[in-house]
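*Asks:* Quick one: the structure is below, questions incoming.
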Amino acid sequence: MADRVTVIGWDGSPLTDAARSALSAATLVAGAAHHLALPEVPPTAERIRLGSVALAARRIAAHRGTAVVLADGDPGFFGVVRTLRAPEFGLEVEVVPAVSSVAAAFARAGMPWDDAQVVVAHKRTLRRAVNVCRAHGKVAVLTAPGAGPAELGLLLEGVPRTFVVCEELGTEREQVSIVTSDKAADHTWRDPNVVIVIGGGGNAENSGWIAGRDPGAGPRGWIQPAEAYGGGLGEGETDLLRAAQLARLGPRIGDLVWDIGCGSGAFATEAARAGAAVIAVDRDPEACARTESAARRFGVRPQVVQGSAPHILENLPEPDVVRVGGGGAAVVSAVADRRPQRIVTHAATRDAAELIGRDLGEHGYRVECALLQSLALDTRAWTEKERSVVFLLSGVLPERAP
């Protein structure tokens, strides 16, 4: 194993004395091409071009001498330190950090970033990164080839956002561009780059005490009473049914939720409050308007689409979990064809529940059904005020269940 491994972050500014000292003693230096071209790299040191960090870590582990790894920005923030410290390599590292590329990007934009979400986009995580950009008002995206500003813009179709694209930060070729998301795909962007994605409206997510999304923003409770949505909720939107549907789906940051037959917007709003991206669908323009109003009231940003299911679903991006609030068995079947991880819906009769349950089972879902009965009491006289009976159905793909 290497006698000593030092990881040095570089942000384009002159190296610190600690970094220079470590480099001068190095017998092996690993980094990108622009790192290895630095004049401080000893000419006699073995050089490794960083492609796969895991392969480099194996070479370093087998090296007898002093190793240095050069990386852009803060190597402990979504950087190489995590891989180098993995148990299979047995490396103990010293870190000399620099300003992270995210901090540098926000500095160039002149914006605070304690209220920003930070995500990494590569080919495996691009869809989830896009979902965070759908759901949140300020997101920094650390990109990769094939998952850059152009791809982000294409996948955000129908969700207008502003991009601040910071290319090659800390180098002589550094450039900062501000474009709308629909224009990002028309340009060829240089790697590496960081994209700050800004959503419409105010960002009411952070009250200044915790980084990222404030988990305490808005009123307490996973669900809100009907009065919070102006009353008049449909039969499939009762408080307890919504609570059960949310519990079965478990929407979370990085997910895309479809709410089909969004009605008052209560479920769509509450799924968005959990941090998920939401597409709310309804054929009734008044329902769409109610959903947009409810979302604004609670400071969330679902995408609202007017149209009739199942036809309107064909061009929507792939969902992770889906609530079917209207449309019956035909819509549930069309949703199951898209293979989301989880589906919830409800039925008023046992026959309707059996029909939906059989179809979900034929699509390969593990089906659960429960009869939910609720009785609201007037606590002044402890008399019956409202009764609700409904069948709650849920389907889970076993091979994709967490």
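*Asks:* Enumerate the amide H contacts of Val159 below 5 Å, restricted to partners 5 or more residues apart or on another chain; note that Pro and chain-start residues carry no placed amide H.
*Replies:* Hits under the 5 Å cutoff: none.
*Asks:* Counting only the backbone N, which residues of segment 69-108 are under 13 Å from the spot 7 Å out from the Cα of Arg4 toward its beta-carbon?
*Replies:* Under 13 Å, as judged by backbone N against the label point of Arg4, lie 69, 93-96 of segment 69-108.
*Asks:* Restricting attention to the alpha-carbon atoms of segment 293-337, what are Rg (one decimal) and Dmax (integer), both in Å?
*Replies:* Considering segment 293-337 through its Cα atoms, Rg and Dmax are 12.2, 34 Å.
*Asks:* Indicate the gyration tensor shape class of segment 115-160 (rounded, prolate or oblate), computed on the Cα atoms with a ≥ b ≥ c the square roots of the eigenvalues: a/c under 1.5 is rounded; otherwise a/b larger than b/c is prolate and the rest oblate.
*Replies:* On the way: a/c = 1.85, a/b = 1.17, b/c = 1.58.
Oblate, since a/c reaches 1.5 and b/c is not below a/b.
*Asks:* Same structure, new question: For segment 133-242, what is the Kirkwood hydrodynamic radius in Å, using each pair of distinct C-alpha atoms? Walk me through the intermediate numbers first.
*Replies:* Details: mean 1/r = 0.0602 Å⁻¹.
Hydrodynamic radius (Kirkwood, Cα pairs) of segment 133-242 is 16.6 Å.
*Asks:* Just to check I understand the Karplus step: with θ = phi - 60° and J = 6.51 cos²θ - 1.76 cosθ + 1.60, what whole-Hz values come out for segment 9-14, glycine and proline as x?
*Replies:* These are the phi-based 3J(HN,Hα) values: x, 9, 10, x, 8, x Hz.
*Asks:* Place a +1 charge on the Cβ of each Lys and Arg in segment 26-152 and a -1 charge on the Cβ of each Asp and Glu, then give the dipole magnitude about the Cα centre in debye, rounded to the nearest 20. Before the final figure, lay out the partial values.
*Replies:* Working: 14 positive and 10 negative charges, 110 e Å.
Charge dipole, segment 26-152, about its Cα centre: 520 debye, nearest 20.
*Asks:* Suppose R0 equals 51 Å. What FRET efficiency, 1/(1 + (r/R0)^6) with r the Cβ-Cβ distance, do Ala86 and Ala381 give to the nearest 0.05?
*Replies:* Numbers: r = 65 Å, r/R0 = 1.27.
Calculated value: 0.20.
*Asks:* Using only the C-alpha atoms of segment 286-365, find the volume of their convex hull and express it per residue in Å³. Don't skip to the end; give the middle numbers.
*Replies:* Numbers: hull volume 8.5 nm³, N = 80.
Taking only Cα atoms, segment 286-365 has a hull volume of 107 Å³ per residue.
*Asks:* Would you grab the residues whose amide H sits under 5 Å from the one on Val305? Only those 5+ places off in sequence or on another chain, please, with H modelled 1.01 Å from N.
*Replies:* Sorted by chain and number, the residues that satisfy this are Ala280, Val281, Asp282.
*Asks:* Under a crude label model (7 Å from the Cα following the beta-carbon direction), how far is Gln175 from Glu368 in nanometres?
*Replies:* 5.3
*Asks:* When the Kirkwood radius is taken over all Cα pairs of segment 13-138, what Stokes-Einstein diffusion coefficient follows at 25 °C and 0.890 mPa s, in µm²/s? The partial results should precede the final answer.
*Replies:* Numbers: Rh = 16.4 Å.
Rounded to a whole number, D works out at 150 µm²/s.
*Asks:* Work out the FRET efficiency for Thr349 and Leu154 from their Cβ-Cβ distance, taking R0 = 45 Å, and round it to the nearest 0.05.
*Replies:* With R0 = 45 Å, the Cβ-Cβ based efficiency is 0.55.
*Asks:* Okay, next question. How much length is gained on full extension from Ala247 to Ala289, taking 0.36 nm per residue of separation minus their Cα-Cα distance? Could you put the intermediate results ahead of the total?
*Replies:* Values: separation 42, 0.36 × 42 = 15.12 nm, distance 2.61 nm.
That pair, Ala247 and Ala289, stretches by 12.5 nm at full extension.
*Asks:* I've got another one for you. What whole-number value in cubic angstrom gives the convex hull volume per residue for the C-alpha atoms of the chain?
*Replies:* So the per-residue Cα hull volume is 163 Å³.
*Asks:* Counting only GluC sites (Glu not before Pro) that are in a DSSP loop and have at most 11 other C-beta atoms within 10 Å, tell me the longest site-free stretch of the chain.
*Replies:* Working: sites that count: Glu88, Glu92, Glu172.
Answer from the scan: 173-402.
*Asks:* What is the magnitude of the charge dipole of the chain about its Cα centre, with +1 placed on the Cβ of each Lys and Arg, -1 on the Cβ of each Asp and Glu, and no other charges, expressed in debye to the nearest 20? Intermediate results must be reported in sequence, preceding the final value.
*Replies:* Working: 42 positive and 47 negative charges, 116 e Å.
For the chain, the charge dipole is close to 560 debye.
*Asks:* Here's another thing I want to ask about it. Taking H as built 1.01 Å from N, whose amide H comes closer than 5 Å to the amide H of Leu91, not counting residues under 5 places away?
*Replies:* none
*Asks:* Is segment 243-402 rounded, prolate or oblate when judged by the Cα gyration tensor, a ≥ b ≥ c being the square roots of its eigenvalues, rounded requiring a/c under 1.5 and prolate requiring a/b larger than b/c? Walk me through the numbers on the way to the answer.
*Replies:* Details: a/c = 1.58, a/b = 1.10, b/c = 1.43.
It is oblate, given that a/c is not under 1.5 and a/b is not larger than b/c.
*Asks:* Give me the extension gain from Arg127 to Ser24: residue separation times 0.36 nm, minus the current Cα-Cα distance, reported in nm with one decimal.
*Replies:* Details: separation 103, 0.36 × 103 = 37.08 nm, distance 4.27 nm.
Separation in residues times 0.36 nm, less the Cα-Cα distance, equals 32.8 nm.
*Asks:* Could you pull out the trypsin sites (Lys or Arg not before Pro) across segment 3-78 that fall in loop regions by DSSP (anything but H, G, I, E, B) with no more than 10 other Cβ atoms inside 10 Å? Kindly include the intermediate steps, with their values, before the conclusion.
*Replies:* On the way: sites: Arg4, Arg20, Arg47, Arg49, Arg58, Arg59, Arg64; in loops: Arg64.
Passing both the DSSP loop test and the Cβ count: Arg64.
*Asks:* Please state the shape class of segment 68-137: rounded when a/c is under 1.5, otherwise prolate if a/b exceeds b/c and oblate if not, all from the C-alpha gyration tensor.
*Replies:* oblate
*Asks:* Which FRET efficiency, nearest 0.05, do Leu55 and Ala211 yield, Cβ-Cβ r, R0 45 Å?
*Replies:* On the way: r = 33 Å, r/R0 = 0.74.
Efficiency at R0 = 45 Å is approximately 0.85.
*Asks:* I would also like to ask the following. How do Lys385, Lys123, Lys138, Lys183 rank by accessible surface area computed with a 1.4 Å probe, from largest to smallest?
*Replies:* Output order, biggest surface exposure first: Lys123, Lys385, Lys183, Lys138.
The values are calculated or read from the model by the stated rules, or taken from the named source; none is laboratory data. Because the structure is predicted, anything quoted here is derived from the model rather than measured. Don't worry about glycine lacking a Cβ; one is built from the backbone with ideal geometry, like all the others, and counts go over all protein chains shown. Note: accessible area is taken over every heavy atom of the protein model, side chains too, but ligands, DNA and RNA are not part of it. Shrake-Rupley method; radii C 1.70, N 1.55, O 1.52, S 1.80 Å.
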